Amino acid sequence: MKSAGQHIAARLGALTLALGLAQGVFAANLSQQQLNEFAGKAQLRFGVVNNLAAKPQAKLTLTNDSGTALPAGQGEWRIYFHSVRKLDSTVIDGLSLRHVQGDLHELAPTVGFKGLAVGASLSVPYTASAHMVSYTDFMPRAFIAQQGADAVVFANTDTENLKEFVEPFTKAEQLQRFSPDLYPIATAATRYQDNLAVNHAAAKLDASPKIIPTPADVKYRKGTATLDSSWQIRYAGRLTSEANYFVAQLKSAGITLTAAADHVAATGKVIEIKVDNSNAKAEAYTLDIAADKITIIGSDNAGAFYGIQSVLSLLPAQAASSHALPLLSAKDAPRYSWRGMQYDMGRNFHGKDVTLRLIEQMARYKLNKLHLHLTEDEGWRLEIPGLPELTDIGAKRCFDLTEQTCLLTQLGTGPHASGSGNGYYTTADFIEIIKFASARHIEVVPEIDMPGHARAAVKSMEARYKKLLKAGKKAEAEQYLLSDPLDKSQYITVQSYTDNSINVCLPSTYAFVDKVIYELQQMYRKAGTKLVTFHMGGDEVGAGSWTASPACNALFAKGEQGVAGPADLKPYFVSKVSAITSARGLDLAGWEDGLMYDPVNTFNRSQFANKHVLANAWDNIWEWGVADRAYRLANAGYEPILSPATHLYFDHPHEVNPEERGYYWAARYTDTAKVFGFMPDNLYANADKTRNGAPIENLEALVGRAMPALEKPENLRGMQGQVWTETIRTGAQMEQMIYPRLIPLAERAWHKAEWEGDKPDAAARTADWAAFAVQLSVKELPKLAALGGDFYLPPPGGVVDDGKLLANTALPGLAIEFSIDNGLSWNAYTDEHAVSKSKVLLRTRLGEATSRVTTAETKQGN
């Protein structure tokens, strides 16, 4: 039996223990001031260790240069960071690493965490789902967060200069994706060798201005016409819009002309713009430039517009009061009726001005379809009247694990709603975009991606549901719900999402689809035109979606509309969307896998009511055996748009180098010459190399089966470039990925070259490319620069050989600069400069823009 003193001592001991535990928990947390101090000065860095291991290895290093120690124990603070690769869960030295959703990962302290003292450093090794050979495989704006406090970005990661927090790529196991990786890393020396052929061909060429894209038939004559303000424009009354556009563009070029309808007589030199629809070919035109008269005759308004663009194409970038135009005659018509560019602003939004500038450039090069990827897992980018949650929540990312105020942060946005990539078009913005495009004969094709890639919509409608349910409005809450609260289906997508599929078995899903399409139609009508094509997306639905959904099980039990199990749900969804769009008089478009059961079997075309069902054929990695889906779809009655990832994905790097932006899953690189060399009429002839760089000698032998021929070429609608924006957070970055690759895209969509074929004429292609490359450097890129947009300049090639600097560029005609004092000063390179250094810095220049800096070294053997 204890004495009273013993009882008191025991109680004091227990109280002391309780206080100690409480202090320990408190000590494992951080105040807001400590969070700010730590994130502001600590250094968080990433590095690749070994891509060639059984699973690619990387590491996160945290160096505490702040005055705040991370306390030991299981506190409530967490470090969050973005990774394009899904990382494996692990516990290292008391820190638990786990995947949250998409690219977001969490590093949390456990009871075993020993703390991080001031001045100390810790390293967290981890393994990833795939290799990492580029700086842009890592995302900025890692942050530290704690319940009840504001999240704070690590200052050293709050930058678009990824080298600030990503370790250099120097070793083979860091630079190579796998063994063997047959693509060599681009260096100044390898570029120099690669550029020799085009530079040799370009040296023989006349750099006088040519029409881009190349007309079907053009004859240049001797002499020039001097275009100045003494000329007048006369136009058919139906061409008022086109004539006004022409006047505005000429004014930008320094020439002010008067324009009047053709009933007003002209005196002196005249530009006549007419329409003659006796030519059955849509968008065709003829152009004749004589010393005192220019005649443009279009088969329709679009054809007249393209004749105008051909005249403008001959002007230099520099504004002047007069310009010399070559005398010529051209008879021209497009190769394809669909000449498109797809722009994904669902991942990262860049604003209206960037979109308008893209439209202007598309018009210059006679592209006529702007495919706007308006929705994604990471964002909904268009205001829809009556559904404010789509933009209030779905158009912004921040750190809200409940996702009741924003989507979960992704893609380097960081924890704040002011971060990169957030935003949306208002209805007024979108109407302005439609009008701007329509005036330039460009159809805006809106894509609402579903049933996969739909997380922004799903989470926005879930937030709406919860808000209205709380207000006691159950029926209204369920009206547009896109997810089944009882659905236990498990899946993970290629982009590492587990909850991004719209439930295709809910009637509310189709009420949502109809509502969105209705509002889209109203916007087009307000813009003075009409919605023609609705793009439903349809791609990359997570395998396993809807397999444990009560709503879907109920649909199976009914046995209605041929739906017996999960495999029937994708065509069921497409048929429902088809019925909605057909009733509204629309064509339907989707990505190829959204219209197929598997790589070989298409959905039955007859079940879709639309007159036209278009399919973007994109997934053409040759050795995977799916490059024939474009032909399979065409043969089955669909209308494919060639969108091959190996040649026309402009989110891929410009060259093989870790400093290049972009994904590289389909092609290790896609430079401007590769786009120029694409042969849309001979799809299989483009099969050059496998993903690891091995040459393809026989595609059928590689795939192991016969490749179907194109039996219905009339169904092939055209071709389209794509830019996906996972790694593209700013408008400048986006334009650097698109330009100049958009220009050879337009060339191939408009003009079929003589060298194309099942066995292309390589020498003729090189000569044709050299002529085109010269036009890019002396005329087209300077025009882009004059507009104030951004573009990519290829780094030069170069070697130091016997004390002489030899340098060249992939686009002959671009200026090259060199530095022998580590970049402190730069000199213009002309030809074979004598240099005293064994290493010389090089860059290309156009106006104020410069390329990445590269290093020329002494040629081996000297």
Placing one identical point scatterer on every Cα of region 735-838 and ignoring solvent, what is log10 I(q)/I(0) from the Debye formula at q = 0.11, 0.16, 0.17 Å⁻¹?
-0.48, -0.86, -0.92
How many angstrom separate the Cα center of region 812-862 from the Cα center of region 273-290?
48
Compute the convex hull volume of the Cα atoms of region 217-332, divide it by the residue count, and report the result per residue in Å³ as a whole number.
88
Candidate lysines for bridging to residue 466, where Cα separation is under 25 Å - those fewer than 8 sequence places away on the same chain excluded
396, 474, 488, 515
Give me the Kirkwood hydrodynamic radius of region 388-509, using the inverse of the mean 1/r over all pairs of distinct Cα atoms, in Å to one decimal.
16.0
Tell me the net charge near residue 784. Cut-off is 9 Å between Cβ atoms, residue 784 excluded, with +1 for each Lys or Arg and -1 for each Asp or Glu.
-2
Of 55/689; 331/369; 163/366; 219/366; 281/530, which sit over 27 Å apart, Cα to Cα?
163/366
Over region 31-175, calculate the relative contact order: mean separation of alpha carbon pairs under 8 Å at least 6 apart, over the residue count, as a percent.
32
Can you order the peptides 629-641, 463-475, 777-789 by their average number of other Cβ atoms within 10 Å per residue, highest first?
629-641, 777-789, 463-475
Which order do the peptides 324-337, 408-421, 266-279 take when ranked by the mean count of other beta-carbon atoms within 10 Å per residue, highest first?
408-421, 324-337, 266-279
The pairs in 674/759; 86/459; 839/859 lying past 18 Å Cα-Cα in this model are 86/459
Mean Kyte-Doolittle of at least -1.0 and a Cα length of 30 Å or more along the axis: which whole DSSP H helices of the chain meet both?
4-27
In angstroms, what radius of gyration and Dmax does the chain have, counting Cα atoms only?
29.9, 124
Row for region 216-267, column shape: gyration tensor on C-alpha, a ≥ b ≥ c, rounded if a/c < 1.5 i.e. under 1.5, prolate if a/b over b/c, else oblate; value prolate
By its C-alpha gyration tensor, with a ≥ b ≥ c as the square roots of the eigenvalues, how is region 618-733 shaped: rounded for a/c under 1.5, else prolate for a/b larger than b/c, else oblate?
oblate
Sorted peptide list for 525-532, 811-818, criterion being average Cβ within 10 angstrom, highest first:
811-818, 525-532
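Any read-out appearing in this document is the output of simple, stated calculations on the displayed coordinates, not a laboratory observation. This structure is a prediction, so every number in the text was calculated from the model and none was measured. With ideal geometry, Cβ positions are generated from the backbone for all residues, glycine too; neighbour counts draw on all protein chains shown.
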